[in-house]
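Below is one structure, written out as structure tokens, with a few remarks after it.
The values are calculated or read from the model by the stated rules, or taken from the named source; none is laboratory data. Note that this is a predicted model, so its numbers are computed, not measured. A quick note on method: Cβ atoms are made from the backbone with ideal geometry, for glycine too, and the neighbour counts reach across all protein chains shown.
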Amino acid sequence: MMKPLNLFIHIIVQVGGWAMLASACLVTYDVITRKLLNISIAGADEISGYVFAISTACAYSYALLTRANIRIDFIYNRFPIRVRRILDVVSIFFTTGLFAVICYFAYNLVSDAIIYQSRSITPLQTPLAIPQTIWFAALCFALLTALTLLILSFAALLKGKDDRVNELVGIPSLDEEIQAELHGGEDTAHSQAHLVEKD
């Protein structure tokens, strides 16, 4: 199950990145034509807002998969290794809970938009159910990713595989962060994908 999920996460994060780039080009074009030709593209800012929200939601799964989420480790590093691994699992547990809460309220938002056929109060009059449904789906994949990592890391913790827990949900070491910066995160992503797929 993890292999298709991992592949899909990599696809949606790529799509989200290209969508952000296209959105930036659209806004740039709108600014230039408005300044030079006094012509404006209606809804360029609205579209960029939708793209930003959806792309950000798409990136959550990737951040979890590659351990790119930021955590404050000032006190964490003072604990014994076993305690750190327990804290790692507790961290992903609460992260999963957070995404569950977000998805719950996002679902309510989307369902209201569908029921009441809500539209944006802009010249485009966009049916809000369309961008919100895509945004909600991306959030659900983030929840699924967090839940999968929680199950795998908790199982590893019970088996006493502290290194495995660290590989799944721990804080990356300095060497790992340097390698990620040098290679644009590809090594970390591929390594983490391989680790998760083994389960």
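Checking each residue in the range 92-119 for being of a type outside the set (A, V, I, L, M, F, W, C) and touching a strand residue (DSSP E or B) at 6+ places or on another chain (Cβ under 8 Å) picks out Gln117, Ser118, Arg119. A search for C-beta distances below 6 Å between a residue of the range 160-172 that is within 12 Å of Leu87 (Cβ to Cβ) and any residue that is outside any helix (DSSP H, G or I) and basic (Lys, Arg), counting only pairs 6+ apart in sequence or on different chains, returns Ile171/Arg71. When Arg85 is tested against the conditions (1) among the basic types (Lys, Arg); (2) more than 27 Å from Ile178 (Cβ to Cβ); (3) at pLDDT 85 or above, the lone failure is (2).
Within the range 98-117, is there a residue that is outside any helix (DSSP H, G or I), within 19 Å of Ile54 (Cβ to Cβ) and not hydroxyl-bearing (Ser, Thr, Tyr)? Checking the range 98-117: not a single residue is outside any helix (DSSP H, G or I), within 19 Å of Ile54 (Cβ to Cβ) and not hydroxyl-bearing (Ser, Thr, Tyr). I'd like the full set of residues that are among the charged types (D, E, K, R) and either under 13 Å from the mean Cα position of the chain (by Cα) or not in a loop (DSSP other than H, G, I, E, B) (or both), limited to the range 118-162. Within the range 118-162, Arg119, Asp162 qualify. If you take the residues in the range 138-178 that are surrounded by fewer than 17 Cβ atoms within 10 Å (Cβ to Cβ) and of a type in the set (Gly, Ala, Ser), which one is farthest from Thr95 (Cα to Cα)? So, considering only residues that are surrounded by fewer than 17 Cβ atoms within 10 Å (Cβ to Cβ) and of a type in the set (Gly, Ala, Ser), the one farthest from Thr95 (Cα to Cα) is Gly160.
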